[in-house]
Every structure is written in C-alpha cells, then in structure tokens.
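Scroll down for the structure; my scribbles are underneath it.
The values are calculated or read from the model by the stated rules, or taken from the named source; none is laboratory data. On a predicted model such as this, the values are computed, not experimentally measured, just so you know. Backbone-built Cβ (ideal geometry, glycine too); neighbour counts: all protein chains shown. Remember, those area values only see protein heavy atoms, side chains included, never the ligands or the DNA or RNA. Shrake-Rupley method; radii C 1.70, N 1.55, O 1.52, S 1.80 Å.
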Amino acid sequence: MTHRPEASARQVRQNRLARETSPYLQQHAGNPVDWYPWGDEALALARASDKPILLSIGYSACHWCHVMAHESFEDPSVAAVMNEHFVNIKVDREERPDIDQIYQTAHQLFNQRGGGWPLTAFLAPDQTPFFVGTYFPKEARYQLPGFVELLERIAAVYRDRRGELGEQGKAVRAAFEQLDTEPAPQGGALSAAPVAAAVRALLASFDARYGGFGSAPKFPHPTDLELLLRESARSGDASARHAALFTLEKMAEGGIYDQLGGGFCRYSVDAKWAIPHFEKMLYDNGPLLRLYADAWAVSRNPRFAHVAEETAAWLQREMQSPEGGYYSSLDADSEGHEGKFYVWTPGEARALLTAEELAVAAPYFGLENPPNFEGERWHLAITRGIDAVAHRLGESAEECERLLASARRKLFEARELRVRPGRDEKILTSWNALAIQGMARAGAVFGRADWIASARRALDFVRTTLWTGDRLLATCKDGRAHLNAYVDDYAFLIAALLELMQADFRVSDLRFAGVLAGALLARFEDSARGGFFFTSHDHEALIHRPKPGYDNATPAGNGVAAFALNRLGYLTGEARYLRAAERAIAASWSGLERHPAGFASLLAALAETLTPTRIAVLRGPREALAAWQRALLAEYRPDVMILGVPADAAGLPASLDKPAGHGVNAYICQGVTCLEPVSDLDAMRSLFDAKPFIVPTV
C-alpha cells in the first residue's frame, strides 16, 4: 500500500503530481494546490511569470508533513493564496536528495540551526532562497505565524523589496561557495588525531544512564556507534566498547525498537528511547542490522541476536518486494493518527492474553505503569527484565520466557489485523545498498543463508532494473526506473558488494564493483581538489553542488566511497582507487579537525588508509571453506576482509587466484605485503590477533 487510506478517498481531481513515481508526491495529487514536480516546466514558469517559488520538501512517512498537508494543502482557501502568488513545487527528499541538501543547508544559513521536514522554502526564479522554514500551522501557534499570513507577507516582500532580496541572494550564493573551500592537511600528511578526537567527543557526550549521546531527541547514529566499536577493537578502549554496547542494549529495550514486529523507528522523542516518531526507514534498519550483528560478535549478548533476527525477519516480511528490491519506509500514521498501529490499552492486552501470560507481559512491557503515549495508551518497551519478572512471580526464567513468547505472538497476530501504516514502495538504490550490506553481514555472522539470499535478491534487482549497463539510476516504482544516481548510490553499492562477497563470494560481484568504482571516479570525483561531488558531472545544474563528508541520517557518500575504494584497491591492486580515497579524506581534512565526531564514515576510511585492511583469501573445497567462514565471520575483526574463494572458481583476478589444496589454504595480505599461506584455522586466528604486520602503503 503506497497511499495513506484517508487521503485516497478525498482525491477528486488529479494535478501534475499524479504522473510521478514518488508515493509522497502522489499523496498530494488531489490537493487544490497547483503543484508542479521539480523540473524545467516549473522553473521556466517562475522565470516567465516572475513569480517566486514555494518549494515544499518532505517524504511519505513524515508525520508533520501529513499535518501540514491536512491543515493547509488540502484547504481550498489556502491553496488559492498559494496559486495566486507562487509557483508551487513539491519535492520528495528521498528521490531528490540533491535538492533537499541544498535547501536544508540554506535553512542552516538563514536560521543558524538544523532544518527538517517538511521543509518550506521560498526561492527567487533563479532558485536562490530568500526565506526558509519547516512546518507552519494554518493558524498562528507554537510561536509560528499562520501559513496564509506568512504567504501574504512573503509575496509582499518579493513584490516591494526586490533590491534587498537581490543583495541577499548574492550573499547566499557567496556563502554556498565558501562551503566548498576545505584546506588539505598541513604538509599533506594524514594522521590518526581526528579519530582519537572523535572518540573523546562522543564519550564526553555519552548518556551513561540511558545510552546514546546528548539529550532528547535521540537518533541511533549507527556510524558513531560503529566507530566506537571499531576503535575499541583496535585499541582496547573499554569505555568506547561500553558506550556502544550499552547504547545498543538500551535502544533494544526501548520503544524505538518494535518489540513485537522487529525493526527500528527513526528516532526517539525522549532521552530514554521510549517513545519514537513511528516511521520506519529502510536506511536506518540496514545499518542497525549490521551493527547488532557486530555487537553480538563482540559480546555474545543474546538480546543483540534476538534484535538481529527480528529485524531481518521484518525486512524480509514487510519491506522486500516480490521482485527482490527493498521498499523505502513505513508511515508514522495510520487512520490519521501517529503511532495508532503500535499502541495498546491494558484492556486490549487482557482480552487477548491468558492470566498467566498477562502476569509476565504486563510488568515486562510496562503495562502496569502510567500510560506513556497520548490518549491513555501504552507503547511497548521493556521496563522490567525477565529475571526480575520471574523472581516477582516465583517462576523460573524459562517458564516466563515461554509465556512471554506466547504473549508476544498473540499481540503481534492481533496487531496484524489493524489498519496498517502506509508503505512507500519506491525502491531506492542507495537505501537498498545499505540494506544489502546489513543483511549480508548479519547473514555471515549468524550463518543464515536465507538472509544472504535476501540480500542477493535485492542486488539482482538493482543490477537488472537500476543499472543501465552504463550508469545507475536512483529510484524505481511500478517498473519505472529513472533519475540520475547520486554519489551515495555508487559508494553504498560498492560497499554492499564488498560485504556480500565476504558472505557469498562471486567473481561477478567483484567485476561489478570495479565497474562502479570506475564510474564513481569518472563521474563524481573533483579532479582539482579531491573528494566526490554529490551529483555527477552531467547532472542537472543547481545553485550549489555539495561535496558532503559529514554524516547525517545516512553515512556520508565521501566517507563510504573512501572506505570502499580503499578496500577495493587493496583487494584488486588498483592503486588509483587508493589514491582517490586518500584525496577524498584530505579534501575534508578541515572538517575532520574541527568537528571530528560528525565524520565517522570518513574516519573509518582514514583509519584504514593509515593502517591498511588485512585481506584473507581462503582457497579450498566449498564444504571446507564454509566451515572456516562460519567460524571466522562470527568473530569481530573490523579491519579484516575474509573472502572464501572456492577451488573451482574461474575467471579470478591475479590477487585472488591463489593455489588451492585438498584442505583450505589461507593467504593473508596487508597493503603490499603477504604472509606465507597457512592451513590451520587457529594459526590464522593467531595472525589476525597479532598487531598489524606492515606499515607502508601503496
């Protein structure tokens, strides 16, 4: 289901958005607003009519986007004001992250704080913003002006103060240009100092009581947690290890995690992770699945395995299309109310559960506590551990686990009968790559061939539908693939291929990764300053062309590109990949020094530039290889790539075409140095557990 049920009934006439692939744009196809999608038609009309542009950016799972739509965009009187004074353009930030990045940056410049969605921007016909905000209510409240009042004021400013707006526009464009100036490290030398500084900064903001960093609202930030885990493995930093694992445990106990169906919501509105904004995004759940698998490999905490299993099951059950690609998101709302699908009353629980089941489930999920959600309802979170519940009831923990499992099953089955949140069924290349990477890693760690197969089905969809043989496309919906892909699409997909090759090696994946890497360098690299632009050289010209290194809700394309190119370079011996990775790190060096905690993806690439990845190529019969891989991939070694290459594999590059014997031969290389092959698993572990054995890089 791609449309919110209450919206579809109101669609009387269809505007231009009805022809779009974005479910978010289609949600607005019945508005009385004369909406245009972003494109030549709308931009030409703005220039010809000398009207300002009202740019509204959101996404289909966004609660406050729905609120603004109900209050204003569906109101004919508001629409009349919009239509009279503006060329109205609606953008899906998921299909057009290039546009969203520009005007989110403008919001930061204008308001000195981060933006969000819905983003409401007013632009001159040349696309230069002159006023930017987020949600505006129809009537003045929340210390915000009413939307109609704002529209009329903006129209008057554009009509009467054109000269001032022109000068402001010059300043805005100059500010955008300054964002591109990043000096390289002094003397051209990279150092590990930003990595250490980032760890210190994260630990300084760590919430020792509830986990996470800072106060409410709290976002998962998997790249930060991954950085802490990686650095704790490298240096033995117990504080970094604790901060990462404690945060993951608190998230798993909280309401940000769906305690019945698996998967994580986008963020928590409170410091305890208890109450989320209820939308579920593919881009969160792919990296979090990978992270929980790694956390289990570090700690063997059974809760982490449980979360990984349920999240993978949710991705397969609710988010994977019959054709193989993963859908984008689930809405926060159902039946017009945020979270209605997920919350409960104690009476609903009592009607479904036996007295014995309720005696366990009520204290475990907090149903005995005061309501924690609006309207005297409860959102489930773990408020009392199973051992404490068992002690209170005088039962064994095993019996309470059995009763809890039965209660969870009944609650889940009853919830499945409710009106479901809308699902955004467009398939995005970059987000699919994140999910492929997560499913492949979790499948390798837990030995789950079905998860690996799910990842491969999604990859096959991308290759057959979103790869033209020459370039990637960004999105697909209802069989229509289009839009020029972004740096994230290429970088994330290369990283996903590298992860999938460790779980299930195929030489075709290595070849595809090489083709994508060549396209990444040819189409996105800044040949003058290093790093990668977000848009390709032949992309539509916009007022700014960012080169992002800072992690946001998704990892930075430059960070993932540098990390993946580093690994691919050492795997294949292609020195140009290594040089491009180092240039990308140097291009963001000023940011790495000033705000290192915001650049976790680039810092992972920096660490592997300074101390190259160790690559283990296992050659031997398939059955023997599988046993070695099951043992090795379930262990946490973030600086190691393990590739099980069957003895009968053909068409291998020289770097992988190692002699195979009757058993398994393991060839371990770091940088340009390789050790003698070993044929004993424990001997191989000893080599991994030793300090890195080389210093030089190519």
Got a number for carbon plus sulfur as a percent of the chain's accessible area, 1.4 Å probe?
51
Non-local amide H neighbours of residue 642 (under 5 Å, H modeled in plane, Pro and chain starts lacking H): which ones?
616
Mind listing the phi-derived Karplus ³J(HN,Hα) values for the stretch 501-515, rounded to whole Hz, using 6.51, -1.76 and 1.60 with θ = phi - 60°, and x for any glycine or proline?
5, 6, 7, 7, 5, 9, 5, 5, 5, 5, 5, 5, 4, x, 5
Lysines within cross-link reach of residue 170: Cα-Cα under 20 Å, excluding same-chain residues under 8 positions apart?
51
For residue 388 and residue 626, extending 7 Å from Cα along the Cα-Cβ vector and measuring point to point gives, in nm, a value of 4.4
Please give the calculated 222 nm ellipticity per residue for the chain, where each DSSP H segment of at least 4 residues contributes -39500 (n - 2.57) and the sum is spread over every residue; nearest 500 deg cm²/dmol?
-15000 deg cm²/dmol
How charged is the neighbourhood of residue 50? Take every other residue with its Cβ under 13 Å from the Cβ of residue 50, and add Lys/Arg as +1 and Asp/Glu as -1.
+3
Computed E for residue 41/residue 522 - FRET, C-beta separation, R0 51 angstrom, nearest 0.05
0.95
1.4 Å probe accessible area per residue over the stretch 239-331, in Å²
24
Scalar couplings 3J(HN,Hα) for the stretch 525-530 by Karplus 6.51 cos²θ - 1.76 cosθ + 1.60 (θ = phi - 60°), nearest whole Hz, x for Gly and Pro, are 6, 7, 5, 7, 10, x
What ³J(HN,Hα) values, in whole Hz, does the Karplus curve 6.51 cos²θ - 1.76 cosθ + 1.60 give for the stretch 282-297 when θ = phi - 60°, with x put for Gly and Pro?
4, 5, 7, 6, x, x, 5, 4, 4, 5, 5, 4, 5, 4, 5, 4
Starting from the Cα of residue 340, draw a straight line to each of the aspartates and glutamates and keep only those under 16 Å, dropping any in the same chain fewer than 8 residues away.
6, 258, 279, 331, 348, 374, 376, 413, 416
Neighbour net charge for residue 403 - beta-carbon separation under 15 angstrom, K R +1, D E -1:
0
Cβ-Cβ cut-off under 11 Å around residue 169, Lys and Arg +1, Asp and Glu -1: the net charge is 0
What are the chymotrypsin sites (Phe, Trp or Tyr not before Pro) within the stretch 122-227 that DSSP puts in a loop, where the Cβ has at most 15 other Cβ atoms within 10 Å?
142
For the stretch 372-449, just say rounded, prolate or oblate: build the C-alpha gyration tensor, square-root its eigenvalues into a ≥ b ≥ c, call rounded for a/c under 1.5, and beyond that prolate if a/b exceeds b/c, oblate if not.
oblate
Can you tell me the length gained on complete extension of the stretch residue 323 to residue 369, counting 0.36 nm per residue apart and subtracting the Cα distance?
12.2 nm
Could you list which residues have their amide H under 5 Å from that of residue 38, counting only those 5 or more apart in sequence or on another chain, with H placed in the peptide plane?
90
Over the chain, what is the relative contact order in percent, taking alpha-carbon pairs closer than 8 angstrom and at least six residues apart?
12
Over the stretch 492-544, what is the mean sequence separation of C-alpha contacts under 8 Å (at least six apart), divided by residue count, expressed as relative contact order in percent?
23
What does the extension gain come out to for residue 348 and residue 237, with contour length at 0.36 nm per residue minus their alpha carbon separation?
35.3 nm
Once mean projected area of the Cα convex hull in nm² is worked out from the coordinates, which option in (1) 33.5; (2) 31.0; (3) 37.5 does it equal?
(2)
For the pair residue 143 and residue 14, how long in nm is the line joining their label points, each one 7 Å along Cα→Cβ?
4.5
Residue 250: which lysines have alpha carbons under 23 Å from its alpha carbon, excluding same-chain residues fewer than 8 sequence positions away?
218, 272, 280
Only bridges with both residues in the chain count here: give the DSSP antiparallel percent, nearest 5.
70
Relative contact order in percent for the stretch 513-649 (Cα pairs under 8 Å, 6+ apart) equals 20
